[in-house]
Each structure stands twice: as C-alpha cells, then as structure tokens.
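What follows is a short report on a single structure.
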C-alpha cells in the first residue's frame, strides 16, 4: 500500500508541475503591452526620467520614461492595472487623473492586447514668492526666508521647513517645490551672535531675529499662506519687525536650595511654535552663585531647561551621540517662558531629580510569558517643549516577568504606549486612579504609582478597494478615522489610521480602539493631503460609516469613485 501511495504522490506532483508550466506558458502567450507618455499637465511638454509603475494583482513593475517622455511595459499578463508616475518637482500622478486629487482609472488589459495612450499628466509642485521690506517699505537684502508646514495633531512629526534662500537686492524671495498645504512664511536675520556666559561650551544653534508673515514678531499672530499644486502664491510681502530683544536672568538652585553651580541653562523654542532652526537656542553656564543670564532673546514661547554641565560636554565630545545622557542628569528643570520684548530678571529656577511612575502591565486573554519578553513601555512627554527636551523628559522600560514596571526621572505630562507586542495584540487602555488616561496622559508632578497598562487582542479592519466596475485598485490610500473629530488631534492619536492597498487591492488596518469610524479611499498618495484635520473634514461626505467592537475583525469593501 505504501508503494502505491508513493506512486500516486509522484503522479500528483507531476500533474501539478505540468499544470503550473501550462499556466505559465498560457500567460506568456496571452501577454500584452502597455505604452504611454509622461508629460507636464500645464504645458504638454514631455517629462523624461519619471519612474512609471505598473501595479496589478500579481504584477508590479517600474520603468523610466525616455527623453521624449515615453514608456513601455512588455510581456504583461492580462488583468487590471494602475499606472502611476513620479519625478522630482512634480506631484505623483496616475493614469485617468487630470489633477492629483481626482480618482485614477485602472486599465483592463486583454489577452495579447497592446494598450497604448496610457498617458499621465503630472502637476508641478507649488511655490510662494514675495518681498521683505522695512518699516519705510524699503527692500531688505540678505534676509533668510523659509516656509514651514507643520502637521496638526495627526502625527508626531516635526515641522517641515522648505528653504527659500535669502532675499535679493530688491528684497525678493521665492520658496519653490512645495507640496499642497498651509505654510507659515518666516524671515530671519542675524544682527549679532547671541551672547552667553559660557563661550567655551559649543553653541548648538545660532539665535536669530525672526518675523512671521504678515509682519509680526509673535509666532501666535502668524498667518498661514495656502499653496495649491501647480500654482504660485505670489505677493507675500511683509515688513521685517524691529522687535526688541530681551534678557532673561536669574539664579538656579537645586532641590536643597543650594546654588546649582555645575549646570547649564538652555533656552529652547517650543515645539508647537516654530521649528528648532527658526528661533534658535542659546545657553548660559551657571555661575558659582547659581546666577545665569541669556541675552538677545526675540519674542516667542520657550522652555528654560537646566541640565548638568557634564551632559553637554558629553554631547560635544561625541558629536551628538551622547544625547542619551540628557536623561542621566542628576537634577534638572524645565520651565515655560513667554518672551514679549521685556526683560525677565530675578527668575528663580529650582532643579529636582524628577519623579517615579510605576505600575503593572495587564494582559487580557491568553499570552504566554515568552510573548512578553520583547514588550517595552514608553512614556513620552507631550508638553510644549522642543524635540530634544521632549526626549530628555521621556523614558522607556521593559516590564518584569510579573508585569510590573517603573520609570524614574520623569516630569510633566506623559503619554504611555506599548511596543514590541506579538502580532494580533495592541494597547487597550491605560488606567490611573480609576480613570481611563490612555489618550489624555498622566501629569507627573509627583510620584505616580498604580498605573495599569492593559493590552488585549487588537481589532482589525480588513477589506478591498475597488472601482465602480468592481475591479480592485492597488496603491490607493485607505483612511480610517473616528466619527468624533475631537479624537483626530489627540497626541499620538490611535483614532486615525492610513494604509495602502496591496497589488491585489486588499488592505489591513490594525490597532484601532472600539468605536464608530469613517472609512474612505483616496488616490495614491495625494501630495500634501491627510496631514491636517481640515483634510479629514473634506473626506467625510465621501466616507462610509462603520462601528468596531473590542477585538473585532471587520471586513469592508471601499469604492474609489
């Protein structure tokens, strides 16, 4: 009998091999071609060197456009395909779009067909141009100009700055190659290097005098300039403000009330204000009597940060590698400061060792002990501080075998998150004092014991993106976001998720909390979109609603029409 089984197995394997070879031969015999051209939508001129991608259920290929903008894919099996093109200075485009915001059109390639005229018009990126003048409307040359686009709440990304160089002899500037979005235009000049009482310590950034469009030295009064793809936002003219530079001085004492002589005071722009490079940072070594002084400080919102001098010496020695020592300062302090052109004298800054946050990791459901070994819990400071200070005020730890964990030297509002979980698991909630603080965080102003971090089987949304004919669409962006718009802007929000549909049009989004959601598909990677709550508002009329329970696997089919 065993001999007969072996014979049958050989016969089956041979049949499978023959069938596979037959399918492959049939696919080759039925293969077709896809031909087209990439051109500038505004002028019709060819675009050479664009990367053209053909994506279908089982095929994904890329080829460059030639000097005349033409491209060709050979030996393409029959099926539905999405054809896209990308090149520098232009937004991503797809066949069937007149503008990047329109729905792309998939092509259906029949056996042995040569599909021609699969042409893709690309829209150029945007720009901002204008002039910087003084209060007598005279042009100012040599002023640095940048446009800053900052995501609002949906991600933890830092502001993105695009340089426009310096103004010319007529005070004119142009910031080019901008994705669509809203930008703050910032003009900076450097009348003098910031002074500090510690010239031997390396300056990390140079202090600059700054004016924001439409002509204010106060960041909160800045107005955004809207940029559309393929267009220029011109006549952005504003007056450079001769703002008064202030002085901040005072004393630093440690937790015992003794002058903190072995310390350095740094002034860091708030991360919710402008990017680090726009206002800059200065520092002062603390004197033996605890005194410090910072000069030439322009208006703005800052944090006054105190760390051990050895921390900055380590950073200087390692070229920044030693920045991890920021968390090792024996005592430290972070104090918010609002500068409005007036000197701030006699400030008293008290350092402390920070506080302890401790608790337990709780598992709902079955998870073996080895499953917890790679798990790490992070505490991230979510206050208005610079990225470097946020790093110093945050921490990460690995729970013990019994689930207990502890952070030391934390200070201020902290958001707890979990990483390294096995597939299928996610953070469910964080509890403290009987309250759900998952999305509001814990304010560490004293020792915080008894925090519960609960993990459980995660919810999943699985589905297919298809066009009006029911053909799957690869490379589409699927956006799932909560019906409650207040959840869109939570720090490290769990209520907005994005995914790209696969070559077969399928997608998976995991880790959403239970609740009611919108789901929508948009064209492949629209430049400059989905980084702002206003963009989500515009998607609501096109979205479908669904509810998601705890640990539920929900299937959706989304039409991209």
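The values are calculated or read from the model by the stated rules, or taken from the named source; none is laboratory data. Predicted, not measured: the structure shown is a model, and the values here were computed from it. Here the Cβ positions follow ideal geometry from the backbone for every residue, glycine too, while neighbour counts run over all protein chains shown.
Observations on the model:
- Test: residue 386 is over 30 Å from residue 502 (Cβ atoms), in contact with a helix residue (DSSP H, G or I) (Cβ under 7 Å, 6 or more places away or on another chain) and crowded, with 17+ Cβ neighbours inside 10 Å: yes
- Take the conditions (1) part of a strand (DSSP E or B); (2) at pLDDT 90 or above; residue 446 misses just one of them, which is (1).
- Condition met for residue 202 (at pLDDT 50 or above and either under 21 Å from residue 135 (Cα atoms) or surrounded by fewer than 21 Cβ atoms within 10 Å (Cβ to Cβ) (or both)): no
Yes or no, residue by residue, for (1) farther than 15 Å from residue 363 by Cα; (2) out of contact with any strand residue (DSSP E or B) (no Cβ under 7 Å at 6 or more places or on another chain); (3) outside the structural domain of residue 403 (by TED's automatic domain parsing):
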| residue | (1), (2), (3) |
| --- | --- |
| 423 | no, yes, no |
| 434 | yes, yes, no |
| 440 | yes, yes, no |
| 448 | yes, no, no |
| 452 | no, no, no |
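- Residue 98 being in contact (Cβ under 8 Å) with a residue 60 or more places away in the chain and either in contact with a helix residue (DSSP H, G or I) (Cβ under 8 Å, 6 or more places away or on another chain) or within 19 Å of residue 477 (Cα to Cα) (or both): no
- Residue count for the stretch 165-187, restricted to those that are modelled with pLDDT of 85 or more, surrounded by 19 or more Cβ atoms within 10 Å (Cβ to Cβ) and part of a strand (DSSP E or B): 8
- Reported count of residues in the stretch 283-341, each being modelled with pLDDT under 85, farther than 30 Å from residue 240 by Cβ and out of contact with any strand residue (DSSP E or B) (no Cβ under 7 Å at 6 or more places or on another chain), is 16.
- Failed item, numbered, when residue 384 is tested on (1) at pLDDT 85 or above; (2) assigned to a loop (DSSP other than H, G, I, E, B); (3) outside the structural domain of residue 287 (by TED's automatic domain parsing): (1)
- Index of the failed condition, residue 131 passing every other in (1) in the same structural domain as residue 239 (by TED's automatic domain parsing); (2) part of a loop (DSSP other than H, G, I, E, B): (2)
- Residues within the stretch 417-447 that are in contact with a helix residue (DSSP H, G or I) (Cβ under 9 Å, 6 or more places away or on another chain) and closer than 19 Å to residue 383 by Cα, tallied: 1
- Number of the condition not met by residue 554 [criteria: (1) surrounded by fewer than 20 Cβ atoms within 10 Å (Cβ to Cβ); (2) modelled with pLDDT of 85 or more; (3) part of a loop (DSSP other than H, G, I, E, B)]: (3)
- Hey, residue 523 modelled with pLDDT under 90, out of contact with any helix residue (DSSP H, G or I) (no Cβ under 6 Å at 6 or more places or on another chain) and crowded, with 20+ Cβ neighbours inside 10 Å or not: yes
- Answer residue from the stretch 220-264, given it is modelled with pLDDT of 90 or more and under 16 Å from residue 338 (Cα atoms) and is surrounded by the fewest Cβ atoms within 10 Å (Cβ to Cβ) among those: 247
- Qualifying residue in the stretch 528-541 (condition: modelled with pLDDT of 85 or more and within 24 Å of residue 430 (Cα to Cα)): no
- Within the stretch 489-508, the set of residues being within 24 Å of residue 80 (Cα to Cα) and either in the same structural domain as residue 106 (by TED's automatic domain parsing) or buried (at least 21 other Cβ atoms within 10 Å of the Cβ) (or both) comprises 501, 505, 507.
This table checks each residue for (1) closer than 23 Å to residue 174 by Cβ; (2) modelled with pLDDT of 90 or more; (3) exposed (fewer than 13 other Cβ atoms within 10 Å of the Cβ); (4) over 27 Å from the mean Cα position of the chain (by Cα).
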| position | (1), (2), (3), (4) |
| --- | --- |
| 61 | no, yes, no, yes |
| 79 | no, no, no, yes |
| 113 | no, yes, no, yes |
| 131 | yes, yes, no, yes |
| 135 | no, no, yes, yes |
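- Test for residue 486: is it surrounded by fewer than 18 Cβ atoms within 10 Å (Cβ to Cβ) and at pLDDT below 85: no
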